[in-house]
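A short worksheet on the structure shown next.
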Amino acid sequence: MLSNLSEKLNKTFAKLRGKGRVSEADVDAAMREVRLALLEADVNFKIVKDFVARVREKAVGVDVLESLSPDQQVVAIVRDELTELLGGRAARIEYSSAPPTVIMMAGLQGTGKTTTCAKLGALLKRQGKKPLLVATDIYRPGAILQLQTVGQQVGVPVFEMGTNPPPQIAAAGVKYAREHGNDVVIIDTAGRLHVDEAMMAEARAVQDTVKPHEVLLVLDAMTGQDAVNAASAFNETVKLTGVVLTKLDGDARGGAILSVRSVTGVPVKYVGVGEKLDAIEEFHPDRMAGRILGMGDVLTLIEKAEQQLDIRKAQAMEEKLREGQFDLEDFLSQMQEVKKMGSLESIMGMIPGASQLMKGAQAPAVDEKQMARVEAIIYSMTPQERRDPDIINGSRKRRIANGSGTSPQEVNKLLGQFREMRKLLKQMQQLTGGKMPKMRGMGKMPKGMGRMMPRGFRK
């Protein structure tokens, strides 16, 4: 996520940290590199110019240059300005005091709009709402069926009326929601391959008919300034209240997310961070600024843990660890719990300093494919072998290797890592008198979360 931009900015600020004192010339040199990094990230030129000017004005002040840690203060100024550029504060959905709250979703084809409708519905459902999806895309073949399919997968009902006029379907959907106790209506409107008058006219007709409380535009983050231009065009016809940026996990540059608020005045409210139907997050400008600068995003990590991890399993695992009864079945279970939170890359990006550490020459490589191979090895074991790995002899190792598509050497490596981990846990138990210590700085984590990350998927 925004890896290219993050890497270039961190290299720039590393040069400042290498100096005992920071001069105005040092700031100017850093700002030239920041300007180039933002332009290469496909950020709007005027936005880059204004951003760099604001940062420089604050960074060359006497209070900064003569402070004991001018490099840190310069980074803090950049972080604050990035936060403002991204919107300043998190923009949330404005719920109606008289339900249902109507959310109209608009966008071009190919942005992931229909899937995003289901993702948003699933998120709101987890937050205690009772959403209803309404299918008004009567043009794209399979659009209604797609919405019904993803709606079923996330457990959110779908209202459809075939090929009736979209404004009529939208109005009937709102009426249905009111009669059946649905407090949020999410309307999936028709998209086009490009902005055209027909699409805009229909979107405006749906808006005029149901008067939605929110009009969210779904944009593909990877299209950069094209996404920003589309947002401007939509905002001229249908007054937008927010933007949803999809495919942010695949966007290494960041042009769209850094430009859309300044160009359109419309805040980013949600971001899509993966293909899974739970891969959507509320957008927090300050947290995103922290991720870009390699400062992590612990708050989002905690929220993901609270939402995705089974706390009862975590507590049961904590008890097993305390009693020294941890086996390979437990190991597999913890790997699966961690995977619920998203890709390992995204998790590491939320841990302060971890993204930079993983780029280091001495850093252990976290490999999703290797993690899958570890899972395959454990699945190829019998229940008895998982509970008691010490019984796994040479012939068993060969059978497990054949069953998992790996080699006996890889099976040996996993078993060795597991024995080391189990030995370490026993030593910790002895040193602490049977009480497993909490991880520093993780006091707000759900109980047991600090011990969720397995080591067996490291190369």
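Please treat every number below as a calculation from the coordinates, not as lab data. Note that the coordinates shown come from a computational prediction; the quantities given were computed from them, not determined experimentally. In this analysis, Cβ positions are derived from the backbone assuming ideal geometry, glycine residues included, and neighbour counts consider all displayed protein chains.
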Give the order of Leu16, Leu216 when sorted by the count of other beta carbons within 10 angstrom, beginning with the fewest. Leu16, Leu216
Under the Karplus relation with 6.51, -1.76 and 1.60 and θ = phi - 60°, whole-Hz ³J(HN,Hα) for region 406-423, x at Gly and Pro, equal 10, 10, x, 5, 5, 4, 4, 4, 4, 4, x, 4, 5, 4, 4, 5, 5, 4
So who's got an amide H within less than 5 Å of the one on Ile280, skipping anything under 5 residues away but keeping other chains? H placed 1.01 Å off N, in plane. Val273
Taking H placed 1.01 Å from N in the peptide plane, check which residues at least 5 places from Thr136 or on another chain put their amide H under 5 Å from its amide H. Asp188
Mind listing the long-range amide H neighbours of Thr246? Cut-off is under 5 Å, sequence gap 5 or more, other chains count too, H placed in the peptide plane at 1.01 Å from N. Leu219, Asp220, Ala221, Gly272
If you consider only alpha-carbon coordinates, what radius of gyration and Dmax does region 101-290 have, in Å? 15.3, 47
Could you rank the peptides 395-406, 256-267 by their average count of other C-beta atoms within 10 Å per residue, with the highest value first? 256-267, 395-406
Within 10 Å of each residue's Cβ, count the other Cβ atoms and sort Asp226, Asp220, Asp26 from fewest upward. Asp226, Asp26, Asp220
Cα-derived Rg to Rh of region 3-85, Kirkwood definition: 0.94
Highest average packing first - 177-190, 71-84, Cβ atoms within 10 Å: 177-190, 71-84
Filter on Lys15/Lys247; Lys125/Lys247; Lys125/Lys239 - keep pairs with C-alpha separation over 29 Å: Lys15/Lys247
